[in-house]
Amino acid sequence: MLVLERDEVLAELRRYLDEAAGGAGSLALVAGEAGIGKTTLVRTFAAAVGDGALVLAGSCDPLTTPRPMSPLLDMAADPDSHLGDVVADDAAPYELFVALLDRLRATVRPTLLVVEDIHWADEVSLDFVRFAGRRIADTNALMVCTYRDDEVGPEHPLQPVLGDLASSRDWVHRLHLEPLTPAAVAELAAGTEVDPAELFAATGGNPFFVTEILAGDEEIPASVADAVLARVNRLDEAARRIVEVTSIAPRSLAAEYATSLAGADLAAAERAVNAGVVVGAGPDLRFRHELARGAVEASILEARRIALHRRMIALLEEDDTPDLARLAHHAARTGDDALVQLHAPLAAEEAAVRGAHHQAVEFLATALEHTDGLSGDEIAELQLRYAWELYIVNRPGESVDLTAEAVAHYRSGSDEEALGRALTMHSRALWNVDPQQAHEAEREAIAVLSRQPPGESLAYALYFSAHLHMLSRRHEPAVADATRCIEVSREIESWSNYRIGLMTLGTAEVVTGDADRGIALIREAIALADEAGDYRLRVVALGMLGTGGGEIRRYDAAIAWLEEVIAMAERYDEDYTVGYSTAWLARIAFEQGRWDDAARLAAQVVRGGALINDITALGALGRVRVRRGDPGGAEVLAEARALAQNQELQHRWPTSAGLAEHAWLRGDEEGIRSAIGADFAKALDTDSPWARGEMGLWMWRAGVIDGPPGGAAEPFALQMAGQWKAAAAAWRAVGCPYDEAMALADSADGDALLAALEILQRLGASPAADRVRSKMRRLGMDNVPPRPRRRVRGAPAILTARQREVLELVAEGLTNAEIASRLYISPKTAGHHVSAVLRKLGVRSRTEAAAAALKMGIGNGPE
Amino acid sequence: MPRYMVERTFADGLEIPTTTTGAEVCLSVVGNNAQEQVTWVQSFVSADKQKTFCVYDGPTPEAIRRAAGLNSLPVDAITEVRVLDPYFYVGAAS
């Protein structure tokens, strides 16, 4: 095959493969429009590589809903890949990815990993592309992925993967295939009667279109479809039928199926191949290009097309291990409800088991569009399954109406177990939309299910109800439901429900009850989960420990748990979990007075991810700015507040406190009240001591209340009771220096105010420090320290980066010779740098320079 | 990108000599700022050289602070500002 104008791209790929052979793997994303020759490029490259690399290839198919892991299954089918056992193992997707990646590290030859047409990829395959793309740099593999960039719009599932991979990774290369130039088109047209200029005008240089036209007769048709059909129509009838039935299959069709479906013989198939309309690929027939296949399929009379899809289903069903996604695809194309009902739900189940939940959602949606002939019960069951999958892909709100229908259906019947389940699903759908209604639905679910002998549905309903109460920070109901969940689960030996019941009970105790007991309970749940190989629960439970621990201000433990969650979640690319945990670390850093860290961590949280990630990160950043007196604090807090409109109190109160603080520091008492709004009343309605404390403090400062509300957390309560000394000590014990200073500043004691000022100045809390200074003057104190001024010797010590490096080594006690060898420079150059540093710092000796370095925060001092 | 006014106080007075060293110092400030996408636009220095008011363009106040850290410069206060000029409004009323 003549391949024109691809030399540069091929050379580039060759370079990347050579680098991979040297241990520096990379990912090449090859984009281009349909027909531009992506497959041709990849095949040419693979052929040129020959034995120089292990080639693993797979592609994604244009199914209505793709088959999970299709390209990986392709690769595993190749015996050279030695992946057969890993895939067959039914392992969870990430275990499969890890195993695959380990293989890529272990080979002696470099590996060329090809995944074609990823714009058609299923969810699990997309996860694989992202997983491998992030980690490929330290393997000796070159991964090449092709896709149609003109089909990937802003909402396309591939978009976030592309964005993530391309942005911050310099081992990801983006290549774009261009159409042929007029010169190349002319070269191809040489020796034919076709006018090159007309040919270029008609095709725009699209290689597939060009070759189709050149293979036909001299007339230039209006479109690619016309060109393809013109060739097909020149075949005899039997060969044409072969071509038509082949077009029904999304990728390729076994020749024996083709002859059977077409009622023709192999000779007819040969004629079709010889005419170049289809190609033979082993025992299969295939079109040269998806464009050709699509054109032929569309040209078939609809009634006949549907009949062919039906017959295809009949043939595929005879297979030992039928491709369920493909069956569902053909069924959907027939529009026959009974066929869809037969195949789509099974395909959904397979997808769910493989972790391709977005595909499971699609299959079930298809099934729900074809419900003729189904009983009410069957429809309701489909609706509930669909709702379950929607919850997993985080779109629960979409199932509100469907679950309501299922509930209505079961209410009119006598199957109470099903009614209970439907109510639980309905409650889950309602949670983000109307929490009050969600609670009611769940209460009814439990009531209904309690009339039956206990089963899984009751255990789960009790867990979910406990979970909702815990989220609302209502202690008694949460504990009651969680305890009952544990009892029922133990009784029916449902250990997964037992574990989540235990975890929920523990979480409720941590945030609104006996924290030590709660921590022990969650740890127990984790231990059980580890025994049972339930990795999911470990991550969720650690997250509860980290965020719950953070909320009750047990900082050291919370930080350790959150860091563990992040380490685990990063291994499995769980970006949402990494984001939320990082946002919490930002919040904790803020509360501990580590404001640079807080700002840095908040900035790491990717915006536009989960709502609570943004709310928590923006809250921390906004509060830091408010305390420092930096611009942009109130704006950021207002944004967080808007995002948190429909969220639980624990996501709202930090923002309200921040806005109240901002108003207070400006002397705007009215502003404090409007910042808190209804959140104080809400806090009293919950059992959270820290919510009551923090909201109460601002109402106290605004003069609305005289003393601490009942059940407020100790440091806050002491402050509101006027016991500033005990409050400051309590804050110091917790580890919140700013709050400690503000408690001291409540007093009228000179020494306390001085101590407060010292802390605030150290933190850089200018507005609060100014307030304290004013207070000291008002009290008639005459030793009020002025604003701090930096003492800098000589010129401000503004060093170049190299000079800073040198200073760091000087501070470690290294000689010029040692510095020279460390930095790979000559001793003379090192000496020049040291002199420059001493001069800029205005010091005369290395010792003085070392002291200055320490003050500037450069280096760690002598080793 | 927002514009900020940064106030700094130097107890011993700011000393940047009009020599090669001084020029080096200024350029190294510019270089360090670039790491944080911060641009030093202009500074105003008090007569006793103890206070400066520095105009910067930068993405966030935190970037301003980090750049100041790289340059070992103090930060007293950061305010977001816009330019106002006596002649802006001339012609607006007509």
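The values are calculated or read from the model by the stated rules, or taken from the named source; none is laboratory data. Remember, predicted model here, so these are calculated numbers, not experimental data. Note: ideal-geometry Cβ built from the backbone for every residue, glycine included; neighbour counts use all protein chains shown. Accessible surface areas use protein heavy atoms only, side chains included; no ligands, DNA or RNA. Shrake-Rupley method; radii C 1.70, N 1.55, O 1.52, S 1.80 Å.
The figures follow:
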{"quantity": "Inter-probe distance in nm under a simple model that places probes 7 Å from Cα toward Cβ, at B:Leu84 and A:Arg14", "calculated": "6.7 nm"}
{"quantity": "With all protein chains modelled, accessible area of A:His651 [1.4 Å, Å²]", "calculated": "30 Å²"}
{"quantity": "Rounded to whole Hz, the Karplus (6.51, -1.76, 1.60) HN-Hα couplings of the stretch A:200-216, x for glycine and proline", "calculated": "5, 4, 6, 9, x, x, 5, x, 4, 4, 4, 5, 4, 5, 5, 7, x"}
{"quantity": "Virtual spin-label span in nm between A:Tyr576 and A:Ala77, 7 Å along Cα→Cβ", "calculated": "3.3 nm"}
{"quantity": "Accessible area, probe 1.4 Å, largest first, for residues A:Leu285, A:Leu266, A:Leu368", "calculated": "A:Leu266, A:Leu368, A:Leu285"}
{"quantity": "For A:Asp514, solvent-accessible area (1.4 Å; no DNA, RNA or ligand), Å²", "calculated": "80 Å²"}
{"quantity": "Between the stretch A:431-462 and the stretch B:8-76, the Cα center-to-center distance that results, in Å", "calculated": "62 Å"}
{"quantity": "Residue-span extension gain [A:Asp195 to A:Asp401] - 0.36 nm each, minus C-alpha spacing", "calculated": "68.1 nm"}
{"quantity": "Apportionment of accessible area to carbon and sulfur, the protein assembly as shown, percent (1.4 Å)", "calculated": "52 percent"}
{"quantity": "Within the stretch A:283-308, backbone nitrogen closer than 20 Å to the virtual label 7 Å beyond the Cα of A:His156 toward Cβ", "calculated": "A:289-295"}
{"quantity": "Residue (of A:Val114, A:Ala748, A:Ala482) at the positive-pole extreme of chain A, dipole from beta-carbon charges", "calculated": "A:Ala748"}
{"quantity": "For chain B: relative contact order, % (alpha-carbon pairs under 8 angstrom, 6 or more apart)", "calculated": "42 percent"}
{"quantity": "Square roots of 5 times each gyration tensor eigenvalue, C-alpha, the stretch A:662-740, largest first, Å", "calculated": "20, 16, 11"}
{"quantity": "Charged-residue dipole, Cβ positions (Lys, Arg, Asp, Glu), chain B about Cα centre, Debye nearest 20", "calculated": "120 debye"}
{"quantity": "Size of charge dipole - the stretch A:545-609 - debye, nearest 20, with Cβ of Lys, Arg +1 and Asp, Glu -1, no other charges", "calculated": "220 debye"}
{"quantity": "Whole-Hz ³J(HN,Hα) from phi, Karplus 6.51 cos²θ - 1.76 cosθ + 1.60, for the stretch A:239-244, glycine and proline x", "calculated": "5, 4, 5, 4, 4, 5"}
{"quantity": "Among A:Met781, A:His330, A:Ala77 - extreme Cα towards positive end, dipole of the protein assembly as shown, charges at beta-carbon", "calculated": "A:Met781"}
{"quantity": "Residue order for B:Cys54, B:Cys26 - accessible surface, 1.4 angstrom probe, largest first", "calculated": "B:Cys26, B:Cys54"}
{"quantity": "Förster radius 35 Å - calculated FRET efficiency between A:His176 and A:Ala222, Cβ distance, rounded to 0.05", "calculated": "0.85"}
{"quantity": "Rg/Rh ratio calculated on Cα atoms of the stretch A:418-497 (Kirkwood radius)", "calculated": "0.95"}
{"quantity": "Cα-projected label distance for A:Arg787 with A:Ser845, points at 7 Å along beta-carbon direction, nm", "calculated": "3.7 nm"}
{"quantity": "Most to least accessible of A:Leu814, A:Leu165, A:Leu291 (protein chains only, probe 1.4 Å)", "calculated": "A:Leu291, A:Leu814, A:Leu165"}
{"quantity": "For A:Arg288, distant residues with modelled amide H under 5 Å away", "calculated": "A:Val279"}
{"quantity": "FRET efficiency, A:Arg411 to A:Leu684 (Cβ-Cβ, R0 35 Å, nearest 0.05)", "calculated": "0.45"}
{"quantity": "Contour minus Cα-Cα distance for A:Ser821 and A:Arg517 (0.36 nm per residue)", "calculated": "103.8 nm"}
{"quantity": "Alpha-carbon Rg/Rh ratio, for the protein assembly as shown, with Rh computed the Kirkwood way", "calculated": "1.04"}
{"quantity": "Nearest-20 debye value, chain A charge dipole, Cβ charges on Lys, Arg, Asp, Glu", "calculated": "5360 debye"}
{"quantity": "Area accessible to solvent at B:Phe88, 1.4 Å probe radius, in Å²", "calculated": "120 Å²"}
{"quantity": "Amide proton proximity set for B:Arg3, modelled H, under 5 Å, gap of 5+", "calculated": "B:Val81"}
{"quantity": "Alpha-carbon centroids, the stretch A:18-37 and the stretch A:62-82: separation in whole Å", "calculated": "19 Å"}
{"quantity": "Residue among A:Leu528, A:Leu562, A:Asn613 farthest towards the positive dipole end of the stretch A:527-615, charges placed on Cβ", "calculated": "A:Asn613"}
{"quantity": "Spatial separation of Cα centroids for the stretch A:668-738 and the stretch A:246-309, in angstrom", "calculated": "75 Å"}
{"quantity": "Interchain or long-range residues, amide H under 5 Å from A:Val55's placed H", "calculated": "A:Leu112"}
{"quantity": "Karplus 3J(HN,Hα) series, Hz, for the stretch A:818-834 with 6.51 cos²θ - 1.76 cosθ + 1.60 (x for Gly, Pro)", "calculated": "5, 4, 4, 6, 5, 9, 6, 10, 7, x, 5, 4, 4, x, 4, 4, 4"}
{"quantity": "Cβ-derived FRET efficiency at R0 45 Å, B:Ala34 paired with A:Asn646, nearest 0.05", "calculated": "0.60"}
{"quantity": "Total accessible surface hidden between A and B, rounded to 100 Å², 1.4 Å probe", "calculated": "2300 Å²"}
